[in-house]
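Read-outs throughout are calculated quantities, based only on the coordinates presented, and are distinct from any laboratory measurement. These numbers were taken from a predicted model, which means no experiment stands behind them. All Cβ positions, even for glycine, are placed from backbone atoms using ideal geometry, and neighbour counts span all protein chains on display.
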Amino acid sequence: MNSKLIYLDNNATTPTDPRVVEAMLPYFSQFHGNAASRNHPFGWAAEKAVDNAREQIAKLIDVDSREIIFTSGATESDNLALKGVYEMYSRKGNHIITLKTEHKAVLDSCKKIEKMGGEVTYLDVEADGLVDLSKLENAIKENTILVSIMYANNETGVIQPMKEIGELCAKKGVLFMSDATQAIGKIPVHPKELGIHLMAFTGHKMYGPKGVGVLFVNRKNPRVKVTAQIDGGGHERGMRSGTLNVPGIVGMGKAAELAMLEMEEEAKRLSYLRDKLENAFSEQLEEIYINGSLENRMPHVTNISFKHVEGEGLMMTFNQNIGVSSGSACTSASLEPSYVLIALGLGDDLAHSSIRFSLGRFTTEEEIDITIKQVSAGVTHMRDLSPIWEMYKEGIDLDAVEWSEH
Ligand SMILES: *Cc1c(COP(=O)(O)O)cnc(C)c1O
């Protein structure tokens, strides 16, 4: 690969830390045992490695290691939490509350639950991306069994008021589930202090490997249970069958250990770089908008709309060497604006003009300086070519213009 490539798409996936790879390597061929083989040393070595990783991960989020269920990733953990609670607590009720800005793994699981006879409320968020607590309280009914609200949003980095939501759920006697994929390993996350009963996250967004994830399931006060969605063998205390991905689990454990040691310094460094990026764009360009709350957000992410510049087109001016994401999602026939940004109240045009920059452990200041130069030049270039920008500069009220069909 071109060594000049700059990766600013860490919310899509993080590179596996070389120290994680090193920890994993012996568990492919040397200690290749099945952690469920209880009767010989090969199995014992694998089981010991899994136990150790379980401890490392439990320590990171300050829970009991028996509350860690290994899965194939956050998508599976979200499915297991939502469908598993829906099935397990069907006698108590069938209503689930979530947000319109959740990840598809949550939203599509909820769609499936509706097909199975469940009832789901998809709450709006405010313009800053945050849930309104009184709207949430009003949505909780007699038959509500679960509130599922993500910790930090993948597109904007907005952090929800987890403690307040947890208190509300406790008061109302409903379970609280959170997809914490984007927060784990980046900021301190302690589900017990927040009243979170189920929490999903994944290895490959915290410098661990792909294909391994966790569902935290609270064991005491209340003792939470989920109905298994994959049957066969009863691994993971009956909640998730299947041979454990030992190298992956070892890697996720090592990633958790490293996060614990390094996250504080890393968050400081990345928020400095993120602010540098935002400040430079604000100084060099007009008409830019940072999407989502500026107070309650992750340190390493910024989602910026460059008004009257189409994001996908802008990316083409620099994506030979800079990897970022745009606020448009490719569906079969067309580019759809991001449903997350639409839920924040952005119009289609501002959503299509947005770019997400997500920094990570291996991002350098030099890379941010290059990004500032290239993106600013790209925006200026595209605006110079744009008749809409010219009209805007001439002071024409674009909202008053009657556009012909095209
Ligand atoms: C990436 C992501 C997922 C999916 O995780 P996988 O391990 O890739 O299945 C789920 N939720 C959020 C918020 C994510 O960012």
Provide the net charge surrounding ALA45, with neighbours chosen by a C-beta distance below 14 Å and charges set as Lys +1, Arg +1, Asp -1, Glu -1.
0
Any idea what the relative contact order of the chain is, in percent, if you count C-alpha pairs under 8 Å spaced at least 6 apart?
21
Would you kindly work out the equivalent ellipsoid of the chain from its C-alpha gyration tensor and give its semi-axes, the square roots of five times the eigenvalues, largest first in whole Å?
39, 27, 17
Cross-link partners among lysines for LYS276, C-alpha distance below 17 Å, same-chain residues fewer than 8 apart left out?
LYS268, LYS373
Any chance you could give the angle, 0 to 90 degrees and rounded to 10, that helix 365-384 forms with the longest Cα principal axis of the chain?
40
Let me check I've understood the local charge: for ILE61, count other residues with C-beta under 13 angstrom from its C-beta, Lys and Arg +1, Asp and Glu -1. What total comes out?
-2
At what distance in nm do the modelled label points of SER37 and ASN319 sit from each other, each positioned 7 Å from its Cα along Cα→Cβ?
4.6
Among ASP179, ASP78, ASP17, which comes first, then next, by fewest other beta-carbon atoms within 10 Å?
ASP17, ASP179, ASP78
Cα-Cα over 21 Å: which of LYS135/LYS192; LYS163/LYS192; LYS92/LYS141; LYS192/LYS225; LYS83/LYS205?
LYS135/LYS192; LYS83/LYS205
Report, in debye and to the nearest 20, how large the dipole of the chain comes out about its Cα centre when Lys and Arg carry +1 and Asp and Glu carry -1 on their Cβ.
2340
Where does helix 74-88 land angle-wise versus the long Cα axis of the chain, in degrees 0 to 90, nearest 10?
60
Mean separation of Cα contacts under 8 Å, 6 or more apart, over the residue count of the stretch 18-258: relative contact order %
28
Whole angstrom only: what separates the Cα centroid of the stretch 116-190 from the Cα centroid of the stretch 209-224?
17
Considering only ALA183, GLY73, GLN160, whose Cα is most displaced toward the positive end of the charge dipole of the stretch 18-258, charges sitting on Cβ of Lys, Arg (+1) and Asp, Glu (-1)?
GLY73
What are the chymotrypsin sites (Phe, Trp or Tyr not before Pro) within the stretch 5-49 that DSSP puts in a loop, where the Cβ has at most 15 other Cβ atoms within 10 Å?
PHE28
If exposed GluC sites (Glu not before Pro) are those in a DSSP loop with at most 10 other Cβ within 10 Å, what is the longest stretch of the chain that has none?
143-294
Quote to one decimal, in nm, the extra length available between GLU22 and PHE362 on full extension: 0.36 nm per residue of separation minus the C-alpha distance between them.
120.7 nm
When N is the residue count of the stretch 18-258, what does its C-alpha Rg come to as a fraction of 2.2 N^0.38 Å?
1.01
Suppose we keep just the DSSP beta bridges with both residues in the stretch 18-258; what percent of those would be antiparallel, to 5?
40
Relative to the chain, whose Cα atoms define the longest principal axis, helix 246-284 and its Cα axis are tilted in degrees, nearest 10, by 20
When only Cα pairs under 8 Å and 6 or more residues apart are kept, what is the percent relative contact order across the stretch 237-354?
21
Extended-chain gain in nm, criterion 0.36 nm per residue less alpha-carbon gap, GLU137 and GLU390
86.3 nm
Taking the Cβ of each residue in SER305, SER178, SER65 as the centre, tally the other Cβ atoms inside 10 Å and list the residues starting with the fewest.
SER65, SER305, SER178
Rank these for me by crowding, ILE113, ILE184, going from fewest to most other beta carbons within 10 Å.
ILE113, ILE184
